[in-house]
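Scroll down for the structure; my scribbles are underneath it.
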Amino acid sequence: MKKKHKRTPGFTAKTALTGMVTFSLVMPAGFAGAASSSAAAVAQPASSNVAAEKSQSAAASAQTNEADPTKVKFTKEQALSKLKTLFPILVEAEVSNVELGINNMYPAPSNQMIWNIQWNYRQGNNGYGFNSQVDAVNGDLISTYLYFPDRQQNESYYPPEITREQALEKAKAFIAKAAPSLSVNDLQLQDNVDYIGNPALFGPVQYGFSFTVLRNGIPSPLENVSVAIAADGSVRQFNKSPEHWSYPSAAASVQQATAEKTFSDQFDVELAYIPIYKNGGANSWILGWRPTERALYAIDALTGKRLDASGAETTVTSAVYSDVPQAANRFVPRSGTTELSSDEAAKRVKQVVSIPAARKLVSSSLGDDYSDKGRKIWRLNWLDNESLRTGFPSQSSAEVDAVTGQILSYNENRYPPEVGASETAKSKGTKLTKEQARKKAIGLINLLYPDASANLKLVERGDNTLNGGTGFSFQFLRFYKGIPVSDGGLTIGLDNTGTLQSYFFPRTSDLEKAGIDSSAVKLTKEEARAQSFDRYKVKLQYGSFGGYTPAGFIDQKIKLVYSPVLGDQANVPEALDAVTGKWTTQFQVPGKSKKESDASDIQGNPAEQALSTLVKYSILTPDKDGKVYPDAEITAGDWLSWIAKAVTPYYPNMYNGAERKPVAGVSPDSPYYDAVSFAVQNRWIDTGSTFQADAKLTREGLAVLLTSIVKYNKISAYLQADPVINQFGDAASISRKGEVAVVVKLGLLQAENGKFNPEGTVTKAQAAAVLLKLVELQGKTDQPIGQSLYY
């Protein structure tokens, strides 16, 4: 069977940034700063430079631009020659297609003078595709992602041939050749950030570097360069922004000291219930202090005014929350436990949302909710077939709780916004006033959110109109016992006629069961403000606004601003616990390097290096006190979870939406269910067996699992009487002698005081040491150990 693996074309710094901008616009008050303070602050300002605004507005309307062959200065032949020089391995691939311009992404880059080159690599009967992009004017390499799967066949990866420091020098040298329009002096390395994300511990070693581009000596939020260097020194991935942006002057009218005083005078914190995420979901809650939304607003470097989340100047000193009136028509959950049919679910959506007549229900599927695996949901999609001719389908999608009938999400896509004959009826609709739109949003939230009037407040910011009159955006925030809930916010996006464009019901674990007593707060607001304020500094940089919002697309603009950023960029998102007074890691950010000091109780441990490596790769997570308890015993399920995450960091997401039924005797309710499913898939354990995931892991049990992981199960049958077993004084008590012989011969487990001690339990430190030995064993066995998703 022929396989195709293609990298999404054109995924550059611009598209990544657009997502970041949207994120900052829709988060609840203060949360954007708590989640990624430096990013959110950069993403907030809009340009006041008229000339720059016009240039940037034109760039954002890229769908009207077309590539002009007469303006080509770097030919197709030169582009292909450059790519083969930069990546000698491309001699093994064939060019399957070359186009001038980018026609497969929306919005298209403002710079359409790009050679879009598709490569095909054949391996036997299989075909693999990937692409490259080269600027047709200045010859800069824009992007390349190499995919040669046969190059990763049971190689030895550890220790890597080059260090991270050596890889960094190679990355800089490559950028100088690949993108000559950039000066190495204008590249600012983002410290403690590995842009590859959270790479697998098993498999190829790659070093990912991300650089911010300086323009006029000031960091640009719209331009960055990322490079992935393999352990052998070869470049595997490269990305840079394709646009040619215009920037306002870097001369600030407001002095740094003045901006710092404004930040200090207006910095404030608020109390909120904050979820703590582990293993991809909210596992617990704290009552904590967080910066208010306004506290992290950027400061205009020309006027000294604060800029709100839409890029407009604001004088609002604090968030204003209004009650949500109870409407006559509101959501009422279905009674009973029977599941809706797909038609019934679709009818529920149409009772609330106006779906264009041209869009027909083309798909419906019933499965588990991604973030709440105990909930069954219908995923529905309506499509306008005529829109397929444009290459950008117009469609509506929704998620509906299969039991209660609640609409959990809705999203309407129309590309490009001003095109679409099937939408003419909507375009003739009467444009709403702000007050009419507000009433529409309140009516909708009553139909969408359970008991909205009792649980939600409307966040008032004065102007809910998006620029260009594209629509309206209304933010609601959940309150519990009079205190706001972080991650409990949602935004309703309407077009200018009041038609719902987007809605998402936040899925968080049951706060009511957390048992948090607000009277237990010990850290005062003044103390919290002082501790939080000390973590920030004010930095002069370019800021940008634009991209997708819940109600439409906002033109991107650039402005010179002072932005509050975390003083230590190595910090992961943390919340200040109002009860304990300690900083608590809220969730892990892919690509954010962890410091070994994050684990406070491993110094001096014989397995310190192994333990710190597992912390770095997020296989082992310190608790809120920074401890991992290296001497604690682990279960068999813990070991499978470790090895699964070491092989495929996001393995739990592989089973999202799939039917969950017992696997190897392990219930879907077990915290080890995903790890056991992964182990069965990789044949580490037999699906017909009954795996005791909650049992303490013994040394003999570990030997059995290790033998399966290295695929020596059959060989172990021939080693039942192997002489290596005779070295142990307790050989007679070993029941799985063949498996023990295998792991001893491979150096994974050894004697303890002359005995194997098969029933001895395994601690975290011991398991960490074994796992690192297994990593170093790669390339030395007959079959690959693990299957990494990273190349």
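The values are calculated or read from the model by the stated rules, or taken from the named source; none is laboratory data. From a predicted model like this one, the values you see are computed outputs, not experimental measurements. Backbone-built Cβ (ideal geometry, glycine too); neighbour counts: all protein chains shown.
Structural remarks
- Segments classed as helices (runs of 4 or more DSSP H), wholly inside segment 670-774, with at least 2 members that are in the same structural domain as residue 640 (by TED's automatic domain parsing) and within 30 Å of residue 653 (Cα to Cα): 673-681, 699-709
- Restricting segment 311-322 to residues that are assigned to a loop (DSSP other than H, G, I, E, B) and in contact with a helix residue (DSSP H, G or I) (Cβ under 9 Å, 6 or more places away or on another chain), the residue that is surrounded by the fewest Cβ atoms within 10 Å (Cβ to Cβ) is 317.
- Residue match in segment 674-686 (condition: more than 28 Å from the chain's Cα centre (by Cα) and surrounded by 20 or more Cβ atoms within 10 Å (Cβ to Cβ)): yes
- Close Cβ contacts (under 9 Å, 6 or more residues apart or on different chains) running from residues in segment 172-192 that are in contact (Cβ under 8 Å) with a residue 24 or more places away in the chain to residues that are in a strand (DSSP E or B) and among the small types (Gly, Ala, Ser) comprise 190/210.
- Residues that are surrounded by fewer than 13 Cβ atoms within 10 Å (Cβ to Cβ) and outside any loop (DSSP other than H, G, I, E, B) within segment 323-349 comprise 323, 343, listed in sequence order.
- Among the candidates 258, 303, residue that is among the polar types (S, T, N, Q) and either assigned to a loop (DSSP other than H, G, I, E, B) or without any contact (Cβ under 8 Å) to a residue 12 or more places away in the chain (or both): 303
- Residue in segment 122-142 that is modelled with the highest pLDDT, counting only those that are in a strand (DSSP E or B) and surrounded by fewer than 16 Cβ atoms within 10 Å (Cβ to Cβ): 122
- Residue match in segment 383-398 (condition: under 21 Å from residue 660 (Cβ atoms), part of a loop (DSSP other than H, G, I, E, B) and in contact (Cβ under 8 Å) with a residue 12 or more places away in the chain): no
- Matching residues, segment 514-528, being over 11 Å from residue 285 (Cα atoms), in a helix (DSSP H, G or I) and aliphatic (A, V, I, L, M): 520, 528
- Subset of segment 143-181 (residues that are more than 14 Å from residue 228 (Cα to Cα), in contact with a helix residue (DSSP H, G or I) (Cβ under 9 Å, 6 or more places away or on another chain) and modelled with pLDDT of 90 or more): 176, 177
- Against the list (1) surrounded by 15 or more Cβ atoms within 10 Å (Cβ to Cβ); (2) under 24 Å from the mean Cα position of the chain (by Cα), the condition residue 500 fails is (2).
- Residue check: residue 510 meets all listed conditions (1) over 22 Å from residue 374 (Cα atoms); (2) without any contact (Cβ under 8 Å) to a residue 12 or more places away in the chain but one, namely (1).
- Hits in segment 585-644 - residues which are modelled with pLDDT of 85 or more, more than 30 Å from residue 210 (Cβ to Cβ) and among the acidic types (Asp, Glu): 601, 631, 633, 638
- Within segment 399-491, helices (runs of 4 or more DSSP H) holding 1 or more residues that are outside the structural domain of residue 545 (by TED's automatic domain parsing) and at pLDDT 90 or above: 434-448, 452-455
- Within segment 316-342, the set of residues being more than 33 Å from the chain's Cα centre (by Cα) and hydroxyl-bearing (Ser, Thr, Tyr) comprises 335, 337, 338.
- When segment 98-111 is filtered for residues that are under 15 Å from residue 142 (Cα atoms), modelled with pLDDT under 90 and either in a strand (DSSP E or B) or of a type in the set (S, T, N, Q) (or both), the ones remaining, listed by number, are 110, 111.
- Residue selected from segment 705-736 under the condition under 19 Å from residue 760 (Cβ atoms) and in contact (Cβ under 8 Å) with a residue 60 or more places away in the chain, by the criterion surrounded by the fewest Cβ atoms within 10 Å (Cβ to Cβ): 705
- When we screen 544, 519 for residues that are modelled with pLDDT of 80 or more, of a type in the set (S, T, N, Q) and closer than 24 Å to residue 313 by Cα, the only hit is 544.
Matching residues to (1) at pLDDT 90 or above; (2) farther than 30 Å from residue 377 by Cα; (3) not in a helix (DSSP H, G or I):
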{"position": "501", "(1), (2), (3)": "yes, no, yes"}
{"position": "508", "(1), (2), (3)": "no, no, yes"}
{"position": "538", "(1), (2), (3)": "yes, yes, yes"}
{"position": "548", "(1), (2), (3)": "no, no, yes"}
{"position": "554", "(1), (2), (3)": "no, yes, yes"}
{"position": "560", "(1), (2), (3)": "yes, yes, yes"}
{"position": "563", "(1), (2), (3)": "yes, yes, yes"}
{"position": "568", "(1), (2), (3)": "no, yes, yes"}
{"position": "571", "(1), (2), (3)": "no, yes, yes"}
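- Filtered by the rule that a residue be within 30 Å of the chain's Cα centre (by Cα) and farther than 21 Å from residue 502 by Cβ, segment 343-388 gives 366, 367, 368, 373, 374, 376, 388.
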